[in-house]
Number of protein chains: 2
Amino acid sequence: MSPRARPTLEDVARRSGVSTATVSRCLNLPDRVSKSTRDKVDAAVRELGYSPNFGARIMAARRTHTIGAVIPTMENAIFARGLQAFQEELAENGYTMLVASTSYSQQNEEEQIRALVARGAEGLLLIGHDRRASVLEFLATQKVPTLVAWTYDPEAALPSIGFDNFSAMRALMVEVLRRGHRKVAVLSGFTAENDRARLRLEGILDAIGDAGLDPTAVPLIRSDYSIDAGKDGLATLLDRDPELTAVVCGNDVLAVGAMIGARARGLRVPQDISITGFDDIELASVVDPALTTVHVPHREMGRRAAQILAAMLHDEQVPTHVKLTADLRLRDSLARPPRPLRRLTGGA
Amino acid sequence: MSPRARPTLEDVARRSGVSTATVSRCLNLPDRVSKSTRDKVDAAVRELGYSPNFGARIMAARRTHTIGAVIPTMENAIFARGLQAFQEELAENGYTMLVASTSYSQQNEEEQIRALVARGAEGLLLIGHDRRASVLEFLATQKVPTLVAWTYDPEAALPSIGFDNFSAMRALMVEVLRRGHRKVAVLSGFTAENDRARLRLEGILDAIGDAGLDPTAVPLIRSDYSIDAGKDGLATLLDRDPELTAVVCGNDVLAVGAMIGARARGLRVPQDISITGFDDIELASVVDPALTTVHVPHREMGRRAAQILAAMLHDEQVPTHVKLTADLRLRDSLARPPRPLRRLTGGA
DNA sequence: GATCGTAATGTAAGCGCTTTCATCAGATTC
DNA sequence: GAATCTGATGAAAGCGCTTACATTACGATC
């Protein structure tokens, strides 16, 4: 016996003595078929272990009920969370999700977008607004409804759902300053191809400027979003300026890294140095002291993104820019700066 | 102008004045085409914003270079990590990854497997060995090379790469007992459809039996793998038996939850109560005290899984069962049990 | 009993691509 | 200059499915 290939619709049709059209209907529109034939067909399907070829289906039906999501990384809990909710809501609406990740590279993102569209994604979820014009053109040419999440920008070309990274981070920075901190440093993510990181940084510097300090004088390190980078970053910052009383971080992962770095240096948080994050991932409330951060409603964002995308696919009118609120979570890692005294011991 | 649909190979052919065959060759076998026509075609592709229809490609070429991965959840860092490595290595070998998640349900898993195969997945990565025979039959009928990861079982029907959940957890339990703990409780994941959880639990009970204690008398709670479940679980366990000196958890997430629960009850870890985890996710070394746990080489597992799967697709001979080592990471959350004295204060 | 309506089924035309095979224009050889 | 080979290209046959349309069977209607 030759190595039997995957059974096709036709095999099923032959075996159950009906036409391929009828088999197809059994699978897709069961009510249009009489009970007796349906039973025959079902039996044949089972006996043959038949499963339809998706490629053929895409071509013939021109519908895939598939939506693609392109995220920077699966390793950050915020995307994992949001996507899980996105997928659940999508399933609710009869859609399947396809994920791809880019490692924060625009180049990769463009490839993944093309790959997903080629695979029949009828809609796309992207993160942030930073991407080359060629991608936008491609999306327009292909007429693929696309929604941007994790950022809010009323000016942007693509519809978006998200929060105002600038204002949220600015509010946190204002709070840091209100507590009396003046020697502040920043641990940021890479800002070149990442509007969320950039806006957060701008929010920080804006608040600093408004407080009458010089934003260009603020010690600043850009790195990838990892615990180690946070740890190393803190060490570098303290080497440059041991007088630091607060370090504001681009996200929680960096902040936790910074906390570990501080601990490694024998500094207590927040008595000796305050540290803040952004995102409010689970980790933030698990560490000790709990992290002061900005809470982002990742789950809700994912869920609503799915609803909006589904509506877009049904050609319904949808709000072009949805703003969610990201609010401060004041916890224990932020306190007043230590009295200057502490710092004198070494210097005197 | 009518709403122009997605351009096809034929549009490109027409525009560049060649046949569809030539365009196809330009895309797939560029060396077989003269420089001049290649340039014309490339130009047309760019102008039209052409991107090939994957479905059509699957059908015509019967190759997709796609591998599917079906995991329980993206929310657990261990899978996110492992998959990231899996994908990177897959890309290295010219394959694309498609992910689907099951929320730890066999029912969902079966659907996702079928969906991925229908989508043209040429190989599959699955987690754990627990699944219905019907799925295995399906896989056999469809002749889809399948590799199981995150568990090692030399007896299993499908080839696997992973570690010995039973022995690893058993070793940890032995260590707990060696430190003198006798009042031990267990916080396990659901074991019904999850062989990893089941094997870990068996490992624990086996060590307990060998130590001359009664395994059936061990307080045990099964729950989902979440911080909250860990927290609540610890509370319940302590309500049932306040004398507990150690809680062994099915994974790190549960363990961190238990640590929070302990703290909430005013107990110090490890002075008043010891807690252990499994997996060694980042979180484990970030919490204070750092978690004693079992280190699992997630990244390596993902990477090697990709290599093996690629070899399987090339019909190369591969080792059927690969065992990786998962070793103890003794950190601060495990110590000797407190002197009985502590417990008397309340009772006297 | 002829007429019509309806439900169930079949026929066959693609969907957009790859690939085999045939063709053809040049370059090479004798 | 004829014969041969080579590389580039085109024509056309599917890949496995869906669906518009045609056909058939059969009960209801007058």
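Hey, got the average number of other protein chain Cβ atoms within 10 angstrom for residues in B:109-119?
3
Would you mind listing the distances between the residue A:263 label point and the same position in each other copy? Use 7 Å along Cα-to-C-beta, nm, one decimal, shortest first.
0.9
Provide an ascending nm list, one decimal, of label-point separations from residue B:338 to the equivalent residue in each further copy; define each label point as 7 Å from Cα along Cα→Cβ.
3.1
Can you pull the three principal axis extents for the Cα set of region B:202-346, in Å, largest first?
Taking max minus min along each principal axis of the Cα atoms, region B:202-346 gives 68, 34, 25 Å.
With springs only between Cα atoms under 10 Å apart, run a GNM on chain A and tell me which of A:67, A:221, A:161 wobbles the most.
A:221
Would you mind estimating how fast region A:254-317 diffuses translationally, via Stokes-Einstein at 10 °C and 1.306 mPa s with the Kirkwood radius over Cα pairs, in µm²/s?
So the translational diffusion coefficient is about 114 µm²/s.
Please compute the length gained on full extension between residue A:236 and residue A:314, using 0.36 nm multiplied by the number of residues separating them and subtracting their Cα-Cα distance. Mind showing how you got there, number by number?
Numbers: separation 78, 0.36 × 78 = 28.08 nm, distance 5.23 nm.
Computed gain between residue A:236 and residue A:314 is 22.8 nm.
For region A:1-48, what is the largest minus smallest coordinate of the Cα atoms on each principal axis, given in angstrom and ordered from greatest to least?
37, 15, 14
Which ³J(HN,Hα) values in Hz, rounded to whole numbers, follow from the phi angles of region B:274-282 under the Karplus curve 6.51 cos²θ - 1.76 cosθ + 1.60, where θ = phi - 60° and Gly and Pro get x?
Running phi through 6.51 cos²θ - 1.76 cosθ + 1.60 with θ = phi - 60° gives 9, 9, 10, x, 6, 2, 6, 6, 3 Hz.
Quick one: the Cα spread of region A:4-90 along its three principal axes, in angstroms, biggest first?
Extents along the principal axes, in whole Å: 53, 32, 24.
Please tell me the relative contact order of region A:118-177 in percent, rounded to the nearest whole number, where contacts are Cα pairs under 8 Å and at least six residues apart. All intermediate terms of the calculation are to be shown ahead of the outcome.
Details: 60 pairs, mean separation 16.2, N = 60.
Once normalised by length, the contact order is 27 percent.
Give me the dipole magnitude in Debye, nearest 20, for region A:219-348 about the Cα centre, with unit charges on the beta carbon: positive for Lys and Arg, negative for Asp and Glu.
Dipole size: approximately 540 debye.
With an 8 Å cut-off on Cα pairs and a minimum separation of 6 or more residues, tell me the relative contact order of region A:269-313 in percent.
Once divided by the residue count of region A:269-313, the mean separation gives 31 percent.
So, in nm, how far is label residue A:339 from label residue A:20 when the simple model puts each one 7 Å beyond its Cα toward the Cβ?
So the label points at residue A:339 and residue A:20 sit 8.7 nm apart.
Using only helices, what value at 222 nm comes out for the protein assembly as shown when you add -39,500 (n - 2.57) per DSSP H run of length 4 or more and divide by the total residues, to the nearest 500 deg cm²/dmol?
-14500 deg cm²/dmol
Could you give P(r) for region B:97-156, binned at 10 Å from zero, as whole percent values over all Cα-Cα pairs?
20, 62, 17, 0
In percent, what relative contact order does chain A have, based on Cα pairs under 8 Å that are 6 or more apart in sequence?
Dividing the mean separation by the residue count of chain A yields 16 percent.
Which Cβ of chain A lies nearest the axis of the rotation superposing A onto B, and at what whole-Å distance?
Result for the axis mapping A onto B: A:55, 2.
Taking the label point as lying 7 angstrom from Cα along the Cα-to-Cβ axis, what are the distances from residue B:236 to the corresponding position in the remaining copies, in ascending order and in nanometres?
In nanometres, ordered from closest: 4.7.
Using only C-alpha atoms and all pairs of different ones, pull out the Kirkwood radius for chain B in Å with one decimal.
Answer for chain B: a Kirkwood hydrodynamic radius of 22.9 Å.
Tabulate in residue order the Karplus-calculated ³J(HN,Hα) for region B:215-228, using 6.51 cos²θ - 1.76 cosθ + 1.60 with θ = phi - 60°, rounded to whole Hz; enter x for Gly and Pro.
Once θ is set to phi - 60°, the couplings for region B:215-228 become x, 6, 8, 6, x, 9, 10, 9, 8, 6, 7, 9, 4, 4 Hz.
With only Lys, Arg, Asp and Glu charged, each at its Cβ (+1 for the first two, -1 for the last two), find how big the charge dipole of the protein assembly as shown is about the Cα centre; round to the nearest 20 debye.
400 debye
Where does each of B:180-192, B:313-325 land if you order them by average Cβ count within 10 Å, highest first?
Ranking the peptides B:180-192, B:313-325 by packing returns B:180-192, B:313-325.
Roughly how many debye, to the nearest 20, is the charge dipole of chain B about its Cα centre, given +1 on each Lys and Arg Cβ, -1 on each Asp and Glu Cβ, and no other charges? Walk me through the numbers before you get to the answer.
Working: 43 positive and 43 negative charges, 150 e Å.
In total the dipole reaches around 720 debye.
For the protein assembly as shown, what is Rg from Cα atoms divided by 2.2 N^0.38 Å, rounded to two decimals?
1.07
Values in this text are rule-based calculations from the coordinates and carry no lab data. Just so it is clear, the structure is predicted and the values come from calculations on it, not from any experiment. For neighbour counting, all protein chains shown are included, and Cβ atoms are generated from backbone atoms with ideal geometry for every residue, glycine included.
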